[in-house]
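Chemist: Quick one: the structure is below, and I'll ask about it shortly.
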Amino acid sequence: MSNQFHRNLNRMALFAAFVIAGVILFNKQFLSIAVTNIWLNGIIIGATVFGIGLCFADIFKLLPEYRWMKKYFVENKSSKLPPRLLRPVAIILQHSEKNNNVISTNTLSNFLDMIIGRFEDQRESVRYITNTLIFLGLLGTFWGLIHTVGGFAELVGNLNFDDENIMNAVQMGLAKPLAGMGTAFTSSLFGLAGSLIVGFLGLQVQLAQNSIFRDLEENLSARARISESNGFDTMGTLPQINLATKELSRAVQKLEKTVSKLT
């Protein structure tokens with residue numbers, strides 16, 4: 001059994017360590033950017049942390065499944081049933097042991113479809129978090145642009161060009177549109193960075209699931225044989241069908257001869 005699962009897990013741990021190290025090393029810059037709009041950026045950062053935790057939770061859920069496969073197929077030892085994803089497969093495999101570990105092709109196909117469906121259900125949460133982070137980044141962008149345009153419109157409308165202190169008024173009036181631009185850029189930055197982080201971790205989880213699925217497919221295929229439903233064996237009955245067809249042809253020929261003599 002391949003070690004692709006462990007490689008994906010190591011990549012996730014290494015990538016998360018790099019992200020944490022980057023935040024710690026550049027904590028002052030990170031905080032200065034985050035406080036531009038603490039509420040929206042805080043929501044984006046919280047969603048990113050939640051997505052990271054969800055990815056690690058998903059891959060740690062695969063560990064018992066991987067250990068069960070390794071113990072059952074590689075070490076040929078009976079073990080407890082896996083927690084959730086491969087439990088139906090394990091139950092049916094236990095019943096197939098009574099039939100000399102033979103699995104029909106139809107059963108194998110149903111196995112694989114079942115596992116694919118369960119993996120897809122597990123991936124939906126990570127995909128939703130990634131899309132949510134992109135949406136929050138775009139939301140902050142448009143929100144900031146609205147404040148920027150509104151701030152400039154208010155600034156131009158309130159300017160009095162006859163006032164000697166017009167430059168001071170312009171300087172004070174630029175605070176609101178600049179704050180809006182800060183919101184737009186920082187929310188986009190955090191949203192895209194968060195979606196990139198969660199997307200990469202989600203990709204590693206998907207690759208780990210695919211490695212388990214390939215190993216399961218290979219091991220089950222080794223136990224499968226071509227058979228039809230309801231125990232009908234085509235290869236065994238084909239010679240009998242040919243013999244019966246020949247006998248039927250001979251009987252029809254004799255009947256035609258008899259009818260021709262009578263007429």
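The values are calculated or read from the model by the stated rules, or taken from the named source; none is laboratory data. Note that the structure is predicted; figures quoted are calculated from it, not measured. Positions of Cβ are backbone-derived with ideal geometry, glycine not excepted, and every protein chain shown enters the neighbour counts.
Chemist: With the checklist (1) surrounded by 15 or more Cβ atoms within 10 Å (Cβ to Cβ); (2) modelled with pLDDT of 60 or more; (3) of a type in the set (Ser, Thr, Tyr) in hand, flag the one item residue 227 doesn't pass.
Modeler: Among (1) surrounded by 15 or more Cβ atoms within 10 Å (Cβ to Cβ); (2) modelled with pLDDT of 60 or more; (3) of a type in the set (Ser, Thr, Tyr), residue 227 violates only (2).
Chemist: Anything in the stretch 76-98 that is in contact with a helix residue (DSSP H, G or I) (Cβ under 8 Å, 6 or more places away or on another chain), modelled with pLDDT under 70 and either part of a loop (DSSP other than H, G, I, E, B) or not assigned by TED's automatic domain parsing to the domain that holds residue 115 (or both)? List them, or say none.
Modeler: Of everything in the stretch 76-98, those that are in contact with a helix residue (DSSP H, G or I) (Cβ under 8 Å, 6 or more places away or on another chain), modelled with pLDDT under 70 and either part of a loop (DSSP other than H, G, I, E, B) or not assigned by TED's automatic domain parsing to the domain that holds residue 115 (or both) turn out to be 77, 78, 79, 80, 81, 82, 83.
Chemist: Same structure, new question: Do we have residue 101 as at positive phi and at pLDDT below 75 here?
Modeler: Criteria met by residue 101.
Chemist: Somewhere in the stretch 176-195, is a residue under 30 Å from residue 210 (Cβ atoms), at pLDDT 65 or above and either of a type in the set (Ser, Thr, Tyr) or over 43 Å from the mean Cα position of the chain (by Cα) (or both)?
Modeler: yes
Chemist: Anything in the stretch 1-58 that is farther than 30 Å from residue 142 by Cβ, out of contact with any Lys or Arg (no Cβ under 8 Å at 6 or more places or on another chain) and aliphatic (A, V, I, L, M)? List them, or say none.
Modeler: Across the stretch 1-58, the qualifying residues are 9, 12, 13, 14, 16, 17, 20, 21, 24, 25, 57.
Chemist: Can you name the residue in the stretch 103-145 that is more than 16 Å from the chain's Cα centre (by Cα), of a type in the set (Ser, Thr, Tyr) and part of a helix (DSSP H, G or I) and, of all such residues, is surrounded by the fewest Cβ atoms within 10 Å (Cβ to Cβ)?
Modeler: The qualifying residue surrounded by the fewest Cβ atoms within 10 Å (Cβ to Cβ) is 109.
Chemist: Just need a number here: residues in the stretch 1-37 that are in contact (Cβ under 8 Å) with a residue 12 or more places away in the chain and more than 29 Å from the chain's Cα centre (by Cα). If you could, list the steps in order and put the result at the bottom.
Modeler: As a first pass, look at the stretch 1-37 and keep what is in contact (Cβ under 8 Å) with a residue 12 or more places away in the chain: 1-2, 4-5, 8-9, 11-12, 15-16, 19, 33-34, 36-37.
The next check asks that each one be more than 29 Å from the chain's Cα centre (by Cα); those that pass are 33-34, 36-37.
Residues in the stretch 1-37 being in contact (Cβ under 8 Å) with a residue 12 or more places away in the chain and more than 29 Å from the chain's Cα centre (by Cα): 4 in total.
Chemist: Can you find a residue that is part of a helix (DSSP H, G or I), among the hydroxyl-bearing types (Ser, Thr, Tyr) and at pLDDT below 80 anywhere in the stretch 147-155? Working first, answer last.
Modeler: First, pick out the residues of the stretch 147-155 that are part of a helix (DSSP H, G or I): 147-155.
Filter once more, keeping what is among the hydroxyl-bearing types (Ser, Thr, Tyr): 148.
Adding the requirement that they be at pLDDT below 80 leaves 148.
So far as the stretch 147-155 goes, yes, one or more of its residues are part of a helix (DSSP H, G or I), among the hydroxyl-bearing types (Ser, Thr, Tyr) and at pLDDT below 80.
Chemist: For the stretch 200-221, enumerate the residues that are crowded, with 19+ Cβ neighbours inside 10 Å and under 15 Å from residue 19 (Cβ atoms).
Modeler: Correct list: 201, 202, 204.
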